[in-house]
Each structure stands twice: as C-alpha cells, then as structure tokens.
Amino acid sequence: MAQAKPWLSREGFTADVLGNIISKTLLDPWKILPLFVLSKYTIKGRDLSKTHPNLQKALQALTTISLLTNLEAYLDHRIQNNNQKDPYNWNKEVIILTGGSTGIGRQIAQQLGTKEIKVAILDISPPDITSTSLPNSVRFYECDITNPETIATTATSIRNTLGRPTILINNAGICTAKTILSTSPAQTHRMFAVNTFSHYHLAQEFLPDMISHNHGMVVTIASQAGYTVTPNMVDYSASKAAAIAFHEGLAAELLTRYAAPRVRTVLVTQGFTRTGLIKDLTPEDTWFNPLLCPESVAEGVVGQEASGVAALVSASVEVSVGEVDAG
C-alpha cells in the first residue's frame, strides 16, 4: 500500500507547496472577500483602514486578484468541458491503462483498484506483485501497444471480461537518454512508436465506442519536455511534443467532427519523477523544480479522473504525472 501523504508533500516544502498555500489562503475569494467587506462596512474595519491605509490597499488588491483568478478558472473549466456535465458511474466504468506494470502506472492502477474501479493494464511485462498484490478489480493484459492487430485482439478480450472501456490513459513511455548522433534509427522509431504512435492506435480502437455513447475520457501523458528541449532528450522531447499536438487535435475533433462534447480530454505535462525512466539522466531537484514522487503523481492523476472533467494539468506536485518504461 502507498504511504500516507504528508500534510505538506512527499517532496517536502517546495515552490509548489507555497503556491498551493497562497492559492488556498490569500487568493481564495471565500477567505479574502469577507475581510474586505468587513473593512469597508464595519466601524472597526473602517477605523483600521484609516490607521493602516496600505493594508487596506493590499486587501483590495488581493480581493480583485482572487476574484479575477477564480473567474478565469471557472470560464476555462466551462470551455474545456464544452459547457456540459457528464456524471461517471465508477461501478460501471472500465479504464485502459498503458504501461501500468511499473513506476507511476503501477501506482495509478493500485489507487484506482483500491477504489474498486475496473482497470485493464496493457503492458509487455506483468506487474511485480512480490511486495504488493494488485486489487481484484485490476487485470493485466500482455499487449504490444505499438501493434494495432495486437491491440484489437486485446480489446476484444477486455470487452468480454471487464466490459466496455470508457477511459483511456496513454501512460506508457520510454526514454533512451542518448544524443542525436548516438541514437540508432531503430531506437528513434521505437521511441515514437511507444510515446506517440500508440496514442493513435489505441484511440482508433477504443474511441469510436466512446463517441457513439458520447461518454468517456482520453488522458494523454505528455511531459514538460514536450515544451522544452534539452541535450540527450531530443527524440523524447519531439515525441512528447507530438503527443501534445495529438491531445489538442483530439479535443477539437471530438467537438467539431464527431459531435461528442462529453468525451473528455486531459493533458498531463510533468517534470522529472523518481522512476527508472531517469536512471541515465541527471535531473534537476530544486526548490522550484523538485523531483516528484510516484505516489504524489498518481494521486493527482486519479483525482483528475475522479472529477470526470477535462483539464490541462501542469507540473505541480498535486496534479502531475510521470512516465514509465513500458509499451
């Protein structure tokens, strides 16, 4: 079982933690607005405002910022979800999770299974159950996600055993940590086959049923590397940039081409996470950009799925995800 999450974060006191504290206090309109009203419409509040004019100005500025920030978040939420609600029945939903045998994928499977949600792990190797066994609602299906024929065969088996898949989590990913000249053509092709092409193969298999029922979710695990390229990760960054484009195009097509506005799309872009994927790299681990723990990452992903809404998820500790070497 995953260890209990510390009250701050598993990563310690980081910039993400400070940002979350500020957003839940100084930028929370439900906390700031009452103080502003008291300062304007009570005798004691007006007296304090006269004796501390700078404090009153700061309170007014915080109130304005908090209201505008929350209004923007509300409008973004409505736009991303096409102004429609779609409840999820977790007793009936079936989740496809690629790369769920190790690392963060394993943590996601564990946490979803603990909630008794049905999960089908697609991976080339079975999960290691020497330390912790998987919940009964989680099943492993050996599958090469780079092969459309294998995916189709596996999909038939899943439908016959677990039911109709309604959520697809494209989590599997690989990274060679090699320079452009030291990477072979076969390695480059494999990188894109797992990190990018598999998203298309899996969507083509499972998305039509979601569209026909106008219900479902596709989670695209990309990376901050999809926005910023560094040495020894050029092919990886390129494959993740393509995954970001896949997500953005899919969201647009679901609305404008397939008339399925209730099929949600979630994009996850994260920094480095403490998995085997970074064993050949020297990732930054600082106050501003800490190495994330797999358990924290999985909690963010599972929480976003449980909300049943579309989202753009950034690299903060509470809502980020890493990749595992699978596929």
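What the table shows:
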item: Residue count, the range 94-133 (criterion: over 11 Å from Val302 (Cβ atoms), open to solvent by 10 Å² or more (accessible area, probe 1.4 Å) and either part of a loop (DSSP other than H, G, I, E, B) or outside the structural domain of Ala222 (by the TED database) (or both)); result: 12
item: Residues located in the range 155-168, provided they are touching an Asp or Glu at 6+ places or on another chain (Cβ under 8 Å) and either under 24 Å from Ser239 (Cβ atoms) or surrounded by 17 or more Cβ atoms within 10 Å (Cβ to Cβ) (or both); result: Ala155, Pro165, Thr166, Ile167
item: Qualifying residue in the range 218-232 (condition: on the phi > 0 side of the Ramachandran plot and open to solvent by 20 Å² or more (accessible area, probe 1.4 Å)); result: yes
item: In the range 215-250, the residues that are free of Cβ contacts under 8 Å to residues at least 60 places away in the same chain and outside any helix (DSSP H, G or I); result: Gly216, Val218, Thr220, Ala222, Tyr227, Thr228, Val229, Thr230, Pro231, Asn232, Met233
item: Filter pass, Asn136 being touching a Gly at 6+ places or on another chain (Cβ under 9 Å), at pLDDT below 95, open to solvent by 40 Å² or more (accessible area, probe 1.4 Å) and under 21 Å from Gln107 (Cβ atoms); result: yes
item: Residue check, Asn136 in contact (Cβ under 8 Å) with a residue 12 or more places away in the chain and more than 26 Å from Ala251 (Cα to Cα); result: yes
item: Meets criteria (assigned by the TED database to the domain that holds Asp235, aliphatic (A, V, I, L, M), in a helix (DSSP H, G or I) and open to solvent by 20 Å² or more (accessible area, probe 1.4 Å)) for Ala193; result: no
item: Which numbered condition Ala61 misses (of (1) outside the structural domain of Val219 (by the TED database); (2) of a type in the set (Gly, Ala, Ser); (3) within 23 Å of the chain's Cα centre (by Cα)); result: (3)
item: Conditions (1) hydrophobic (A, V, I, L, M, F, W, C); (2) under 18 Å from the mean Cα position of the chain (by Cα); (3) modelled with pLDDT under 95; (4) open to solvent by 40 Å² or more (accessible area, probe 1.4 Å); number of the one not met by Val266; result: (4)
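Residues are listed down the side, and each one gets a yes or a no for (1) surrounded by 14 or more Cβ atoms within 10 Å (Cβ to Cβ); (2) assigned to a helix (DSSP H, G or I); (3) at pLDDT below 85:
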position: Ile32; (1), (2), (3): yes, yes, no
position: Phe36; (1), (2), (3): yes, yes, yes
position: Lys44; (1), (2), (3): no, yes, no
position: Leu48; (1), (2), (3): yes, yes, yes
position: Ala61; (1), (2), (3): no, yes, no
position: Thr64; (1), (2), (3): no, yes, no
position: Leu68; (1), (2), (3): no, yes, no
position: Ala73; (1), (2), (3): no, yes, yes
position: Arg78; (1), (2), (3): no, yes, yes
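The values are calculated or read from the model by the stated rules, or taken from the named source; none is laboratory data. Since the structure is predicted, the reported quantities are computational estimates derived from the model, not experimental observations. Note: ideal-geometry Cβ built from the backbone for every residue, glycine included; neighbour counts use all protein chains shown. These area figures cover heavy atoms from the full protein model, side chains too; ligands, DNA and RNA do not enter into them. Shrake-Rupley method; radii C 1.70, N 1.55, O 1.52, S 1.80 Å.
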